[in-house]
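What follows is a single structure, written as structure tokens, with notes after it.
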Amino acid sequence: MCGIVGYVGTQSALGVVVDGLRRLEYRGYDSAGVAVLADGRLLLAKKAGKLSNLEKALAESAEAELRSGLAGIGHTRWATHGGPTDRNAHPHLSADGRIAVIHNGIIENFARLRAQLQAEGVEFASDTDTECVSHLLAAELAGVPGSPAALAEAMRKVCGKLEGAFTLLAVDAQAPGAVVGARRNSPLVVGRGVGENFLASDVSAFIEHTREAVELGQDQVVLITADAIEITDFDGNPAQGRDYHVDWDARAAEKGGYDWFMLKEIAEQPQVVADTLRGRIGETGEIMLDEVRLTDQDLRDVDKIFIVACGTAYHAGLVAKYAIEHWTRIPCEVELASEFRYRDPVLDRSTLVVAISQSGETMDTLMALRHAKEQKARVLAICNTNGSTIPRESDAVLYTHGGPEIAVASTKAFLTQLAACFLVGLHLAQVRGVKYADEVAAVVAQLQEMPDKIEKVLGTMDPVRELARELATASTVLFIGRHVGYPVALEGALKLKELAYMHAEGFAAGELKHGPIALIDHGTPVVCVVPSPAGRGVLHDKIVSNIQEVRARGARTIVIAEEGDEAVVPYADLLVRVPRTPTLLAPFVTTVPLQVLAAEIAASRGHDVDQPRNLAKSVTVE
Ligand code: F6R
């Protein structure tokens, strides 16, 4: 979950690394630090709190050499071992001050390693698991003349002693002009420049310098100098990375005039949904997913689907289940990835496991997919991050084209995940012949209308912003929905919890009377996600009754309903209109007001909308 940057080249390493950290701060913001190699010295600066604290300290620092170094590493932390203090901030030095290390992940055998090192007389300066690595590297290099090759060799030996998940970067005061990295179960990507090279947790850290990237494999060590990138496995055998070109530029990772990344990302939703559909639909409305690498026979053999995911991606899966079962008639279960492997799910060769993840690095989802593969199931990843671990370890992948999602709260990823899931569902139905071509084409045409409909919703958000100011002092907000509106209610509540730090809960509207209705008090805001009255009238009528039930008990109802739905008017204290949309596709439009509501309430309460407390964008620990 931490962000990591390394640089060797001709520019000020401090400048490049701090700029990179700014783009990676979404990964964690408990502390930040840098180490720079300059004139044979290893210079360090680190501070608890957000990157701005470090930047302030650097601006006040008299250490001009810090700016002159041409190689360095930097870290932005999401604390696991040891509180978010200056002393626990990375980089961590070896006792002799020769080696500096930064780390993302958890070294599971750190307690044993620490005890061994302490028994050998090493004194620790922090409570972190990471510091072990600095001391272990120093021990490997003791008496060895410093060189890039020696540093890489020491890193390989140390990795052999580590258990758990880690991305590590290290520099050696005696090996100027080199940064060494290693990865196991944690992301690390190389940026290939001209006369300069980069290492980072993701490409956004170096995108303004180069769009040529190299994806590293599992259990690999990489050494970068200004002119070379050398990759080996942990045993020292030469290894190859996968070169790829990043097809978005630095502007995509900037705020573009919005106060918060989240607001920019909400506004990008029409575009990214269109991008995710583009190129995957043929002229006659057929689905074309050749890129997915699953043969038609593979898809015909599927007799059960599991969707595994976390948080917002899990909610996308819950929506997808309704569509997939309806279109394909294949049983589809949706599981929280963190629970999946602990309950011994029934899986075999004809099970398709769909792992949904924006980052492609979520450890819970990764572990679920590994479990599925061990049981011989086929795994299809739906992912937004090219080259990340989840798609790499899956049998097949369908990328969402959301572009970089920087705000910690997921918005555009959710809608693109819906689009990708719907493509998969329709493709399965098409290949298995359970839907006629014209039926598939009809749904495809509806899907293609979604970008315009989302745009329309975005144009009518002023009343929601006004409502947000009123609700900023509420103590609780409840969300109810039925059918695909139920996961939308869950998603609305999740957004509000994580951004506004308010009590918020989503319920299936029919469940209220089985307990939760006791929560309703005079004035309790209840957001009601209403399905279209067309198509499934019963569903609509039932939720209208549920709205009346909560209103009769004093609730203040905020009703999200489609244009022309007059039946809800008498029961809505505030009515938010969305365009008419077929029931299964409604989450594309009904989710948007809930995203805006959460962002605006958080802003009204004075919170950091992009970096809510205690969270990180990429959750690489279990
Ligand atoms: C909520 C949110 C999280 C993520 C979850 C999964 O706004 O962003 O709940 O959806 O941590 O992350 P990915 O999709 O990267 O696997």
Filter result (part of a loop (DSSP other than H, G, I, E, B), open to solvent by 10 Å² or more (accessible area, probe 1.4 Å) and hydrophobic (A, V, I, L, M, F, W, C)) within the stretch 303-334: CYS310
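Kindly indicate the residue of the stretch 257-281 that is surrounded by fewer than 12 Cβ atoms within 10 Å (Cβ to Cβ) and small (Gly, Ala, Ser) and also modelled with the lowest pLDDT among those meeting that condition.
Looking at the filtered set, the residue picked out is GLY257.
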Failed criterion for ARG251 (all others in (1) open to solvent by 60 Å² or more (accessible area, probe 1.4 Å); (2) out of contact with any strand residue (DSSP E or B) (no Cβ under 7 Å at 6 or more places or on another chain); (3) farther than 30 Å from GLY402 by Cα hold): (3)
Condition broken by PRO533, with the remaining ones in (1) touching a His at 6+ places or on another chain (Cβ under 9 Å); (2) open to solvent by less than 50 Å² (accessible area, probe 1.4 Å); (3) assigned to a loop (DSSP other than H, G, I, E, B) satisfied: (2)
Hits in the stretch 156-192 - residues which are charged (D, E, K, R) and open to solvent by 10 Å² or more (accessible area, probe 1.4 Å): ARG156, LYS157, LYS161, GLU163, ARG184, ARG192
Selection count where residues are out of contact with any helix residue (DSSP H, G or I) (no Cβ under 6 Å at 6 or more places or on another chain), of a type in the set (A, V, I, L, M) and either at pLDDT below 95 or within 15 Å of the ligand (Cβ to nearest atom) (or both), scope the stretch 314-331: 0
Count of the stretch 381-393 residues which are more than 10 Å from the ligand (Cβ to nearest atom) and open to solvent by 10 Å² or more (accessible area, probe 1.4 Å): 4
Every pair of residues 6+ apart whose Cβ atoms lie under 8 Å, when the first sits in the stretch 540-567 and is assigned by TED's automatic domain parsing to the domain that holds VAL488 and more than 12 Å from GLY510 (Cα to Cα) while the second is basic (Lys, Arg) and open to solvent by 10 Å² or more (accessible area, probe 1.4 Å): THR557/ARG551; ALA561/ARG577; GLU562/ARG577; GLU562/ARG580; GLU563/ARG577; GLU563/ARG580; GLY564/ARG580
Looking only at the stretch 351-376, and only at residues there that are buried (at least 24 other Cβ atoms within 10 Å of the Cβ), more than 9 Å from the ligand (Cβ to nearest atom) and not in a helix (DSSP H, G or I), the one that is nearest to the chain's Cα centre (by Cα): VAL354
Residue pairs meeting the criteria (Cβ under 7 Å; at least 6 apart or on separate chains; first within 20 Å of LYS456 (Cβ to Cβ) and assigned to a helix (DSSP H, G or I), in the stretch 593-622; second open to solvent by less than 40 Å² (accessible area, probe 1.4 Å) and of a type in the set (S, T, N, Q)): GLN595/THR411
Residue count, the stretch 575-615 (criterion: closer than 18 Å to ALA500 by Cβ and not β-branched (Val, Ile, Thr)): 20
Selection within the stretch 18-55 - within 17 Å of GLN611 (Cβ to Cβ), in a helix (DSSP H, G or I) and of a type outside the set (A, V, I, L, M, F, W, C): GLY20, ARG22, ARG23, GLU25, TYR26, ARG27, SER52, ASN53, GLU55
Check on GLY74, on the phi > 0 side of the Ramachandran plot and either assigned by TED's automatic domain parsing to the domain that holds ILE224 or among the β-branched types (Val, Ile, Thr) (or both): no
Residue in the stretch 595-609 that is open to solvent by 50 Å² or more (accessible area, probe 1.4 Å), among the charged types (D, E, K, R), away from the ligand (no atom under 16 Å from the Cβ) and more than 30 Å from TRP78 (Cα to Cα) present: no
Lone unmet requirement of (1) of a type outside the set (A, V, I, L, M, F, W, C); (2) open to solvent by 20 Å² or more (accessible area, probe 1.4 Å); (3) in the same structural domain as ALA71 (by TED's automatic domain parsing) for SER204: (2)
ARG192 assigned by TED's automatic domain parsing to the domain that holds HIS92, of a type in the set (Lys, Arg) and at pLDDT 95 or above: yes
Residue match in the stretch 483-494 (condition: without any contact (Cβ under 8 Å) to a residue 24 or more places away in the chain, outside the structural domain of PHE414 (by TED's automatic domain parsing), part of a helix (DSSP H, G or I) and open to solvent by less than 70 Å² (accessible area, probe 1.4 Å)): yes
Matching residues, the stretch 403-429, being within 11 Å of the ligand (Cβ to nearest atom) and of a type in the set (A, V, I, L, M): ALA407, VAL408, ALA409, ALA413
Members of the stretch 77-106 found to be at pLDDT 95 or above, assigned to a strand (DSSP E or B) and surrounded by 24 or more Cβ atoms within 10 Å (Cβ to Cβ), listed by number: HIS92, ILE99, ALA100, VAL101, ILE102, HIS103
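Just one of LYS50, LYS46 is surrounded by fewer than 20 Cβ atoms within 10 Å (Cβ to Cβ) and in contact with a strand residue (DSSP E or B) (Cβ under 8 Å, 6 or more places away or on another chain); which is it?
Result of the check over LYS50, LYS46: LYS50.
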Number of the condition not met by VAL334 [criteria: (1) touching a Gly at 6+ places or on another chain (Cβ under 6 Å); (2) within 12 Å of the ligand (Cβ to nearest atom)]: (2)
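The values are calculated or read from the model by the stated rules, or taken from the named source; none is laboratory data. Treat the numbers as computed from the prediction; the structure is a model and nothing was measured. We place every Cβ from the backbone using ideal geometry, glycine too, and count neighbours over all the protein chains shown. Protein only, heavy atoms only, side chains kept; ligands, DNA and RNA dropped before computing areas. Shrake-Rupley method; radii C 1.70, N 1.55, O 1.52, S 1.80 Å.
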